[in-house]
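Novice: Just passing along the structure, written as structure tokens.
The values are calculated or read from the model by the stated rules, or taken from the named source; none is laboratory data. This one's a predicted model, so the numbers in the text were calculated from it and none came from an experiment. Reconstructed Cβ throughout: ideal geometry from the backbone, glycine too, with neighbour counts over all protein chains shown.
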Amino acid sequence: MKWLVTLFGILITASLPVMAVGTNPTLIIVGEGEGTVTVPADTATISVFVESGNENMTEARAAVQEKMGLVIDALKAAGVKDEEILPGQSSSVRSISLDSHVGMPSNNTTAWQNSSYRATSLEKSAIVRLKSIDESRINRVLDAARSAGAEAHVAGYGLSDAGKAATQARQKAVANAKENAAGMAAAEGVRLGKVLDISDYGYPLDLNDYIGSSTQPGMVDVTSRVIVTYELEI
């Protein structure tokens, strides 16, 4: 946040003359830091969904409920445990509407033909979080879902407990924040004093069953962002 750096740089400069007249205010400076650690994933998240094109929504809901029941049975038969199937299946309606107005040349005139297409489908989805990233197991689960009539794909990888990785990321973020703050302080001819406050932002809301991403296959990036407030020493 360049605006944050600039803002506090201005505040420091404006406050220095106040120190000279002996009012002795407490000067502070804020450093922002980000730290990321990349660790091996230990969970794989799979999204599965079924759909019905029945325009009668009551019948469509019954159809997708039945289809999803068959898919869940197939997943369990493939070795998926009850606790790996997340509660709270969701449903959504998808509509497609296409209209066309086509001109057909005929005997120096143009005959226009109108056509339209309407389609509505009801989808029901579920999330499976495997406590494994074994490729053979993942493929077995995908095949089981698809064989039962569902669409299925790997939605991402994650960690069953990101606490240790989050601590490491936070340590990096605090170190970066200190470096940034020290640079600003040196530019004003002062130095950092004691830490007054550390605030996290953008921190994983739930370190259990943390879902992340990485450019490296089978890895997860865990990121911490902090704002550290320091007292300044003249």
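To keep it simple, each residue is scored yes or no on (1) hydrophobic (A, V, I, L, M, F, W, C); (2) touching a Lys or Arg at 6+ places or on another chain (Cβ under 9 Å); (3) not assigned by TED's automatic domain parsing to the domain that holds Glu135.
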| residue | (1), (2), (3) |
| --- | --- |
| Gln168 | no, no, yes |
| Leu196 | yes, no, yes |
| Ile211 | yes, yes, yes |
| Pro217 | no, no, yes |
| Asp221 | no, no, yes |
| Thr229 | no, no, yes |
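Novice: Under 7 Å between Cβ atoms, which residue pairs at least 6 apart in sequence (or on different chains) link something in the range 131-143 that is touching a residue at least 60 places away in the same chain (Cβ under 8 Å) with a partner that is aromatic (Phe, Trp, Tyr)?
Specialist: Close Cβ pairs (under 7 Å, with a partner that is aromatic (Phe, Trp, Tyr)) amount to Ile133/Tyr157.
Novice: Would you confirm, using the coordinates I've provided, whether Val141 is farther than 22 Å from Gln216 by Cα and not assigned by TED's automatic domain parsing to the domain that holds Ile72?
Specialist: The answer is no for Val141.
Novice: In the range 43-90, how many residues are surrounded by 15 or more Cβ atoms within 10 Å (Cβ to Cβ) and not in a helix (DSSP H, G or I)?
Specialist: Residues that pass the stated criteria total 15.
Novice: Across the range 156-177, which residue is farthest from Asp221 (Cα to Cα) among those that are in a strand (DSSP E or B) and touching a residue at least 60 places away in the same chain (Cβ under 8 Å)?
Specialist: Ser160
Novice: What are the residues in the range 151-172 that are surrounded by 20 or more Cβ atoms within 10 Å (Cβ to Cβ) and at pLDDT below 95, if any?
Specialist: Across the range 151-172, the qualifying residues are Tyr157, Gly158, Leu159, Ala162, Ala165, Ala166, Ala169, Arg170.
Novice: Consider the range 50-71. How many of its residues are without any contact (Cβ under 8 Å) to a residue 24 or more places away in the chain and of a type in the set (D, E, K, R)?
Specialist: Residues that pass the stated criteria total 2.
Novice: Evaluate the following for Val195: is it without any contact (Cβ under 8 Å) to a residue 40 or more places away in the chain, β-branched (Val, Ile, Thr) and over 30 Å from Leu70 (Cα atoms)?
Specialist: So Val195 fits the description; yes.
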